[in-house]
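First comes the structure, then the notes that go with it.
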Amino acid sequence: LVTSIGGFVGLALGLGSQDAAKSFVAGVSLLWRQPFAVGDAIEIPSLKVFGKLLQFGIFNSVIEDLDGRPVTVPNAALAAGAVVNRSRARLRLCRLDILVMPPSSSQLRSFLEDARRNIHHL
């Protein structure tokens with residue numbers, strides 16, 4: 001009975017430490033390669049996480065999402081999937097939605113023609 005309980009405890013510890021070992025090895029690998037740094041804006045598409053890297057640790061990292069909430073991500077998840085580092089991009093896309101309400105349809109046509117001409121000059 002004691003042997004079987006010890007076996008189950010050993011199995012549980014082995015399986016539980018497997019995730020910690022993966023995250024530790026991934027943390028060392030990421031520290032060596034340095035694909036991102038604290039303060040970078042990173043995106044992890046597989047986890048649907050986007051935000052600023054606040055802390056990079058050996059086992060896990062903390063990302064502040066767009067709502068200001070800290071999200072703890074195991075380093076094994078960072079190393080296993082795609083990570084987009086938005087801070088290292090040379091060009092960035094900025095989207096700006098503007099609500100325009102002209103008083104008449106003739107002014108709308110004029111506005112759209114002016115907008116088309118000006119966009120081509122950018």
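The values are calculated or read from the model by the stated rules, or taken from the named source; none is laboratory data. Bear in mind that the values here come from a model prediction, so they are computed numbers and not experimental data. Quick reminder, even Gly has a Cβ in these numbers, built from the backbone with ideal geometry, and neighbours come from all protein chains shown. Ligands, DNA and RNA are excluded from the accessible area calculation, which covers all protein heavy atoms including side chains. Shrake-Rupley method; radii C 1.70, N 1.55, O 1.52, S 1.80 Å.
Once the piece of chain linking N85 and I119 is laid out straight, how much longer is it, given 0.36 nm per residue of separation minus the C-alpha distance between them? Intermediate values should be presented prior to the final figure.
On the way: separation 34, 0.36 × 34 = 12.24 nm, distance 2.88 nm.
Difference between extended and current length: 9.4 nm.
Rolled with a 1.4 Å probe across the full set of protein chains, the surface gives F59 an accessible area near 100 Å². Shape of the stretch 47-87 from its Cα gyration tensor (a ≥ b ≥ c, root eigenvalues): rounded if a/c is under 1.5, otherwise prolate when a/b > b/c, or oblate? Oblate, because a/c is 1.5 or more while a/b does not exceed b/c. A protection proxy built from the mean count of other Cβ atoms within 10 Å ranks the segments 75-83, 60-68, most packed first, as 75-83, 60-68. Computed with a 1.4 Å probe over protein heavy atoms only, the accessible area of S104 comes to about 50 Å².
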